[in-house]
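Report on the structure given below.
What follows is calculated from the coordinates using simple rules that are stated; it is not laboratory data. Source: prediction; values computed, not measured. Glycine also receives a Cβ, built like all others from the backbone with ideal geometry; neighbour counts cover every protein chain displayed.
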Amino acid sequence: MSRDAYVNGRYVPHGRASVHVEDRAYQFADGVYEVVAIQGGRIVDEEPHLDRLDHSLKELRIAWPMTRPALRLVMRELVRRNGVADGSLYLQISRGVAPRDHAFPKSSPRPALVMTTRQARKPNAALLEKGAAVITIPDIRWERCDIKSVSLLPNILGKQKAVEAGAHEAWQVAADGTVTEGTSTNAWIVNDRNELVTRKADRAILSGITRLAVMKIAGESQIKLVERPFTVEEATKAREAFLTSTTSSVLPVTSIDGHKIGGGKPGPIALRLRELYLGYMAAPPKDTA
Ligand SMILES: Cc1ncc(COP(=O)(O)O)c(C=O)c1O
């Protein structure tokens, strides 16, 4: 089926969608993005994603390209046009198009907005059954990882390292030995008291929308949560480990740097949270049901 992309006010065939060579996202990575899940044709956790987008834009002093209600309409229209029942929507906003110069353009160009959608891929049954292998790598990123910037080189290099090591993800490790997060996922462990441990969402990590939902679900399920950093050593000795993201939902981790976690099998708490989270994705939020 053909699909459209949205580019600066127009719906255009995906294969012909393009932006200007002097778009600042292209030349400087001067832009931000969001990836949202679509389930049953509905955008999952739309408001938290738009709140995070607002945070990223404000921190970089990029204006909204249109009002929030208008953006919601464009997102819905693209999902409708492309007939996406289950999949994801990518949206990117850059500071706009201007002659190349590091400082913000004086002319304040209109921020550039692009959106694309993608149908869900078939779930990777073997990965789900076996759980993910993770390697650890030094976190070489900047000090504002709370901003969902399109500047993703360290994340790309880290993920490629994981792939070349036959692993699914790389957990990034700060200079003090604590895990910050994955290259496109948040990191969690379950300790020997069956408590969930995940890093507090400060400037060292992205405040994952899936992370927020899983925190809420854990609370409703009487699973204790502790928001604090954990070391690689603690993680390799943990009862369970898992990662979260919009595209992976909750994915059990069964090895870290070759050390088996939970006997090398997906843990019960991770599997339960995965099931609860998939149920949460499928159910419309109560206030709009
Ligand atoms: C660095 C990083 N951490 C965490 C996440 C997970 O965030 P979310 O649950 O909102 O997809 C992502 C998602 O892209 C990410 O890039």
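Once you have the Cα-Cα distance between Lys260 and Thr247, take 0.36 nm times their residue separation minus that, and quote the gain in nm to one decimal.
Gain on stretching Lys260 to Thr247: 2.3 nm.
How charged is the neighbourhood of Gln222? Take every other residue with its Cβ under 14 Å from the Cβ of Gln222, and add Lys/Arg as +1 and Asp/Glu as -1.
Every neighbour counted, the sum reads +2.
What does the charge count near Ala70 come to, summing +1 for each Lys or Arg and -1 for each Asp or Glu among other residues with Cβ under 12 Å from its Cβ? Mind dumping the intermediate values first?
Details: positive: Arg68, Arg72, Arg76; negative: Glu77.
Result for the neighbourhood of Ala70: +2.
What's log10 of I(q)/I(0) for region 125-282 at q = 0.18, 0.20 Å⁻¹, Debye sum over Cα points only, no solvent?
Each listed q corresponds, in turn, to -1.07, -1.35.
For Lys148, which aspartates and glutamates qualify as cross-link partners when the Cα separation must be under 15 Å and same-chain residues fewer than eight apart are set aside?
Correct list for Lys148: Asp30, Glu34, Asp51, Asp54, Glu59, Glu181, Asp202.
Let's see if you can work this out: charge +1 on each Lys and Arg Cβ, -1 on each Asp and Glu Cβ, no other charges. What is the dipole magnitude of region 4-119 about its Cα centre, in debye to the nearest 20? Working shown, then result.
Working: 17 positive and 14 negative charges, 69 e Å.
For region 4-119, the charge dipole is close to 320 debye.
Taking only C-alpha pairs under 8 Å that are 6+ residues apart, what is the relative contact order of the chain in percent? Can you show the working numbers first?
Working: 556 pairs, mean separation 48.4, N = 289.
It comes to 17 percent, rounded to a whole number.
May I ask you to compute the full-extension gain from Asp176 to Val232, defined as 0.36 nm times their residue separation minus their alpha-carbon distance, rounded to one decimal in nm?
The span from Asp176 to Val232 would gain 19.1 nm if fully extended.
Please get the size of the charge dipole for region 1-58, origin at its Cα centre, with Cβ charges of +1 on Lys and Arg and -1 on Asp and Glu, quoted in debye to the nearest 20.
So the magnitude is around 280 debye.
Viscosity 0.890 mPa s, temperature 25 °C: give me the Stokes-Einstein translational D for region 1-94 in µm²/s, with Rh taken as the Kirkwood radius over C-alpha pairs.
175
Taking the simple approach of a point 7 Å from Cα along Cα-to-Cβ for both His102 and Met1, what is their distance in nm?
4.7
Can you tell me the FRET efficiency between Ala165 and Arg110 if r is taken as the Cβ-Cβ distance and R0 is 35 Å, rounded to the nearest 0.05?
Step by step, r from the Cβ atoms, then E = 0.20.
Nearest 500 deg cm²/dmol is fine: what mean residue ellipticity at 222 nm does the chain get from its DSSP H runs of n ≥ 4 alone, each adding -39,500 (n - 2.57), divided by its residue count? Don't jump to the answer; show the numbers that get you there.
On the way: 8 runs with 84 residues, N = 289.
Computed ellipticity for the chain at 222 nm equals -8500 deg cm²/dmol.
For the chain, just say rounded, prolate or oblate: build the C-alpha gyration tensor, square-root its eigenvalues into a ≥ b ≥ c, call rounded for a/c under 1.5, and beyond that prolate if a/b exceeds b/c, oblate if not.
Cα axes put the chain in the prolate bin.
A 23 angstrom limit on the alpha carbon distance is what I want to check against. Which of Lys161/Lys224; Lys237/Lys265; Lys159/Lys216; Lys159/Lys260 exceed it?
Lys161/Lys224; Lys159/Lys216
Let a ≥ b ≥ c be the square roots of the eigenvalues of the Cα gyration tensor of region 62-138; is it rounded (a/c under 1.5), or, if not, prolate (a/b larger than b/c) or oblate? Please list the in-between numbers first.
Numbers: a/c = 3.76, a/b = 1.53, b/c = 2.46.
Since a/c reaches 1.5 but b/c is at least a/b, the shape of region 62-138 is classed as oblate.
Quick one: putting +1 on the C-beta of Lys and Arg, -1 on the C-beta of Asp and Glu, what dipole do you get for the chain around its Cα centre, in Debye to the nearest 20?
It works out to roughly 680 debye.
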